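For reference, the structure is listed below as structure tokens.
Every number here is computed from the coordinates shown, using simple stated rules; none is lab data. Just so it is clear, the model here is predicted, and its values are computed rather than measured. Here the Cβ is made from the backbone with ideal geometry for all residues, glycine too, and neighbour counts use every protein chain on show.
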Amino acid sequence: MGNNSWEARADEYSLYGFTDLPSVHERGAVVVTHGEGPYVFDTKGRKYLDSNSGLWNMVAGFDHPGLIKAAQDQYARFPGYHAFFGRMSDQTVLLSEKLVEVSPFDRGRVFYTNSGSEANDTMVKILWFLHQAEGKPQKRKILTRQNAYHGVTAVSASMTGKPYNSVFGLPLPGFLHLSCPHYWRNGKPGETEEQFTARMAAELEATIIKEGADTIAGFFAEPVMGAGGVIPPSKGYFQAVAPILKKYGIPFIADEVICGFGRTGNTWGSQTYDFMPDAIISSKNITAGFFPMGAVILGPELADRVQAASEAIEEFPHGFTASGHPVGCAIALKAIDVVMNEGLADNVVRLAPRLEAGLAEIAKNPNIGELRGIGYMWALEAVADRATKTPFASTLSVSERIANTCTDLGLICRPLGQSVVLCPPFILTEGQMDEMFEKLDKALKKVFAEVA
Ligand code: PMP
């Protein structure tokens, strides 16, 4: 790696997020220049099939002409505006209507942010604002789950149930993490999945009773945990927790940042898992990754209550300079159209069984403990011993080695804990899916031969 190389310059001047620094110092950064369909290319001319759709978001691939045109057209028409002081762009109006239309709600209201983290942060502020306006200023605690990922701002990182946030002295007080509903890993010996789910629900109710329902502002959950390692809920989990939340008057917020717009095989993960949240957090796929955007979509009841609270004090004092950016909104309108009407969402439904079958074949490897996922989001968890589910020693960095070996083979996949995550773009062809299987299988066999 020469000193003037792109890799060296990346390494010298950039502060990487979520990056294993020793590994990147040794291997060099991958400096990406352009993309074609589901592939990206780097400064060395290497080509990678990105099985993670960037960061779960580039569902239409890296060069979709319709999305590029939507951006270009809107830039030419009106390149930027805000959504403060009773003003907003026409594109913002159109997108809010569209989002409510495609949401599971018959009515609603939308608030825009630049990211998923800010959307969760905004939702927490909405709940605090609402409860305070309704005379319950002590109703402030936020319930989430261990392993949940809700973002990186101080509030959304506090919601995230990952131990790494302790380096920031987080979580903030009042952010409580319930158990992760991952039956394979957290079920007790002899416990059925139904009993496990009942235990998760009982823990929720006991927590509410212990803390006091009047101190809890809301409960947030990803329909399928994404960055926690692609963890679908245990059987009946949402059917068990939703009535408890309702009984105690605790708003239920679905963080659909990854699941939204088709990834689980329906528009929303909450539809796939058959529950009705009070609000939805959206980001990533909302613009197919072509623009930074997040959105809070309030269902009818919260929309009415928040509107009434805002009217009472004459404003809702919150917003980002680029909230509802017209270019982002124009791209989002196109992205929703592309995903829903140009066959992308259908691809997920049609090819998810093929994806699952291919991965199930690979998961026959004795060092794969669990294959889990749904639709177009999957993880393979590596184990040193399948029968006892014993993980590899963390010093072996197994999932990083697998991901690095995949990179060397021209496949980008993501290490998460001891799992490797695959979350392909919706445009993947069957041939490209086979390429993914082949490279992944090869990498797994190579790494397990080295470490097992
Ligand atoms: N919620 C979920 C479920 C996510 O997966 C993510 C990002 N991976 C976020 C929130 C945060 O989104 P962002 O990175 O855009 O802030």
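Before moving on, here are some points about what is shown:
- Unsatisfied cross-links (Cα-Cα over 24 Å) in the set Lys364/Lys442; Lys162/Lys442; Lys69/Lys439; Lys334/Lys439; Lys98/Lys247: Lys162/Lys442; Lys69/Lys439; Lys334/Lys439; Lys98/Lys247
- FRET efficiency for the pair Arg9 and Glu400, taken as 1/(1 + (r/R0)^6) with r the Cβ-Cβ distance and R0 = 35 Å, rounds to 0.90.
- FRET E, pair Ala393, Ile68, Förster distance 35 Å, beta-carbon r, rounded to 0.05: 0.15
- In straight-distance terms, cross-link reach from Lys389 covers every one of the aspartates and glutamates whose alpha-carbon lies under 18 Å from its own, apart from those fewer than eight places away in the same chain; here that gives Glu191, Glu193, Glu370, Glu381.
- Of the trypsin sites (Lys or Arg not before Pro) in the range 25-125, those whose Cβ has at most 13 other Cβ within 10 Å and which sit in DSSP loop: Lys44, Arg46, Arg87, Arg107
- The GluC sites (Glu not before Pro) of the range 234-334 that DSSP puts in a loop, and whose beta carbon has at most 14 other beta carbons within 10 Å, are Glu314, Glu315.
- For the range 1-54, chymotrypsin sites (Phe, Trp or Tyr not before Pro) are listed when DSSP marks them as loop and at most 10 other Cβ atoms sit within 10 Å of their Cβ; the list is Phe18.
- For the chain: rounded, prolate or oblate by the Cα gyration tensor [a/c cutoff 1.5]: oblate
- Helical content alone sets the calculated 222 nm signal of the chain at -13000 deg cm²/dmol, taking -39,500 (n - 2.57) per DSSP H segment of four or more residues and averaging over every residue.
- Extension gain for Ala449-Asp20 works out to 152.1 nm (0.36 nm per residue, less the C-alpha to C-alpha distance).
- Over the range 26-76, the alpha carbon radius of gyration divided by the compact-protein estimate 2.2 N^0.38 Å works out to 1.31.
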